[in-house]
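Trainee: Here it is, the structure in full.
The values are calculated or read from the model by the stated rules, or taken from the named source; none is laboratory data. Because the structure is predicted, anything quoted here is derived from the model rather than measured. Cβ sites come from the backbone with ideal geometry, for glycine too, and all protein chains shown count toward neighbours.
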Amino acid sequence: MTVPLRLAVRRHDVSLPEPARTALRISVRLPSDLEVVEEAVDVVARHCVAEGLTVRRARFNLRVALCEALANAILYGNAENAAKHVHVHITVTEPHFLVEVQDEGAGFDPAAFADVSLPHDLEALGGRGLFLIRQLVDDVYLNERGNGICMVLRRA
Amino acid sequence: MSFTMRKDASGVVVVGVDGQLIVSNRHELKQKVLDAADGGARKILVDFSDTGYIDSSGLGALVSLAKKLREVDGELRLAGLNEDLRTLFELTKLDTLFAITESVDDALKKF
């Protein structure tokens, strides 16, 4: 059975200030549906490998971190509202892959992201997502509104 | 299909995770294991030999299942994690919470 593609993917060149110079930008728009997370992660990982991200970093670091970011965007950002979308932009530069995930929600307080750690109770059912993102990518930034996250993976 | 289930000769239920254990399929795993526990299974081994990645929701599902099995004097153990998945458990310190064995065969012998 062929599963219809539920994601809109665009690729285009963009100009960036020095020293990044020109870069490739890949954009993916997905509905607020957890069922598309796996497909979206797969699409983004394949594009990043095609652009030179090592298979290991794509297979593990990128996949887990992106999965966390998409789940947060769909569940908490957009509250699974079918009318809202999640936007993923991957900017490929010489040294970096910048993976931005933005939802259409109100955002959360970026200060809450400043000191992310594991839950004290090892048996807590949640609370590990942001911690994992911080551990698996090289840098993380939130936008001011708190509805967008930018994860930076170095090529090496 | 994300999950396979079989019962070994000693009565251990082995659950295979094919692909990934993430936010979109974690409920399916929970339901399958809970159904097995309702049917009397007390020793559950999750086999990650064919698993690419697990997210925090998947980890949470495993923690939840381990708790529920303990409540009925059962146990959930893990086997077959690749290097990446082991790193994930070490990062989250969940390697201290679960009995993790390298191979399924070894895990079944020790269970």
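Trainee: Consider the stretch B:13-68. How many of its residues are over 10 Å from the mean Cα position of the chain (by Cα), more than 10 Å from every other protein chain (Cβ to nearest Cβ) and aromatic (Phe, Trp, Tyr)?
Mentor: Selection size over the stretch B:13-68: 0.
Trainee: Please specify each residue of the stretch A:101-114 satisfying the condition of being in contact (Cβ under 8 Å) with a residue 40 or more places away in the chain and surrounded by fewer than 19 Cβ atoms within 10 Å (Cβ to Cβ).
Mentor: Listed by number, the residues that qualify are A:Glu104, A:Ala106, A:Gly107.
Trainee: Further, regarding this structure: Is it the case that some residue within the stretch A:66-78 is within 21 Å of B:Leu59 (Cβ to Cβ) and surrounded by fewer than 19 Cβ atoms within 10 Å (Cβ to Cβ)?
Mentor: yes
Trainee: Still on this structure: Just wondering, is there one or more residues in the stretch A:11-28 that are closer than 16 Å to A:His87 by Cα, out of contact with any His (no Cβ under 8 Å at 6 or more places or on another chain) and modelled with pLDDT under 95?
Mentor: Yes, because at least one residue in the stretch A:11-28 is closer than 16 Å to A:His87 by Cα, out of contact with any His (no Cβ under 8 Å at 6 or more places or on another chain) and modelled with pLDDT under 95.
Trainee: Go through the stretch B:1-35 and count every residue that is hydrophobic (A, V, I, L, M, F, W, C) and crowded, with 19+ Cβ neighbours inside 10 Å.
Mentor: Residues that pass the stated criteria total 10.
Trainee: Then there is this: If you go through the stretch A:123-130 one residue at a time, do you hit one that is farther than 21 Å from A:Val36 by Cα, away from chain B (no Cβ under 14 Å) and within 17 Å of the chain's Cα centre (by Cα)?
Mentor: no
Trainee: Determine which single condition A:Arg63 fails, assuming it passes every other condition in (1) of a type in the set (Lys, Arg); (2) surrounded by 14 or more Cβ atoms within 10 Å (Cβ to Cβ); (3) in a loop (DSSP other than H, G, I, E, B).
Mentor: Result: A:Arg63 passes all but (3).
Trainee: I would also like to ask the following. For residues in the stretch B:75-91 being of a type outside the set (A, V, I, L, M) and in contact with a Ser or Thr (Cβ under 8 Å, 6 or more places away or on another chain), which is farthest from A:Arg128 (Cα to Cα)?
Mentor: We begin by selecting, within the stretch B:75-91, every residue of a type outside the set (A, V, I, L, M); these are B:75, B:77, B:80, B:82-84, B:86-87, B:89-90.
Subsequent filtering for residues that are in contact with a Ser or Thr (Cβ under 8 Å, 6 or more places away or on another chain) retains B:77, B:80, B:82.
Values: B:Arg77: 20, B:Gly80: 22, B:Asn82: 20 Å.
Here the answer is B:Gly80.
Trainee: Quick one: count up the residues across the stretch B:72-111 that are of a type in the set (Asp, Glu) and either more than 12 Å from chain A (Cβ to nearest Cβ) or in a loop (DSSP other than H, G, I, E, B) (or both).
Mentor: In the first step, residues of the stretch B:72-111 are kept if they are of a type in the set (Asp, Glu); the result is B:73, B:75, B:83-84, B:90, B:95, B:102, B:105-106.
In the following step, the residues that additionally are either more than 12 Å from chain A (Cβ to nearest Cβ) or in a loop (DSSP other than H, G, I, E, B) (or both) were identified as B:73, B:75, B:102, B:105-106.
So the count comes out to 5.
Trainee: Something else about it: How many residues are surrounded by 18 or more Cβ atoms within 10 Å (Cβ to Cβ) and either among the charged types (D, E, K, R) or not in a helix (DSSP H, G or I) (or both) if we restrict to the stretch A:32-54?
Mentor: Number satisfying all stated conditions: 3.
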